[in-house]
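The structure appears right after this line, and notes come after that.
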Amino acid sequence: GKHSNICDERVQKLESIGFEWSPGSRMHDQSKWNAMFEELQSFKTEHGHCNVPTNSGKLGRWVATQRWHYLSLKGGKTFRMTDEWIQKLESVGFQWSLRGSNNDLW
């Protein structure tokens, strides 16, 4: 009854000021992202570029996801992609679009 309504009001108030119910999840995302970024750096060291084929397992899927998030972000949608992540990717020569690339990604 009434107790439930008070709880719902509190939940809404907390969420309205940006309260995070599981703050560890953002840190988990950050550490997972950093681990994949390190894999990308290793790939670049070995191959001389960051154009990981999308069919090359976890790293390929991650790279494709980064491109999709970035393009969606540029299109006005909100995604969990930070400016820091964008800068890190660009610092290693990451290409957001592969149009005109000579690399065989298939």
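The values are calculated or read from the model by the stated rules, or taken from the named source; none is laboratory data. Bear in mind that the values here come from a model prediction, so they are computed numbers and not experimental data. These area figures cover heavy atoms from the full protein model, side chains too; ligands, DNA and RNA do not enter into them. Shrake-Rupley method; radii C 1.70, N 1.55, O 1.52, S 1.80 Å.
Brief remarks follow.
- Options Glu20, Glu84, Glu39, Glu15; residue that is charged (D, E, K, R), at pLDDT 95 or above and open to solvent by 50 Å² or more (accessible area, probe 1.4 Å): Glu39
- Residues that are open to solvent by less than 60 Å² (accessible area, probe 1.4 Å) and of a type outside the set (Gly, Ala, Ser), drawn from segment 56-78: Leu59, Trp62, Val63, Thr65, Gln66, Arg67, His69, Tyr70, Leu73
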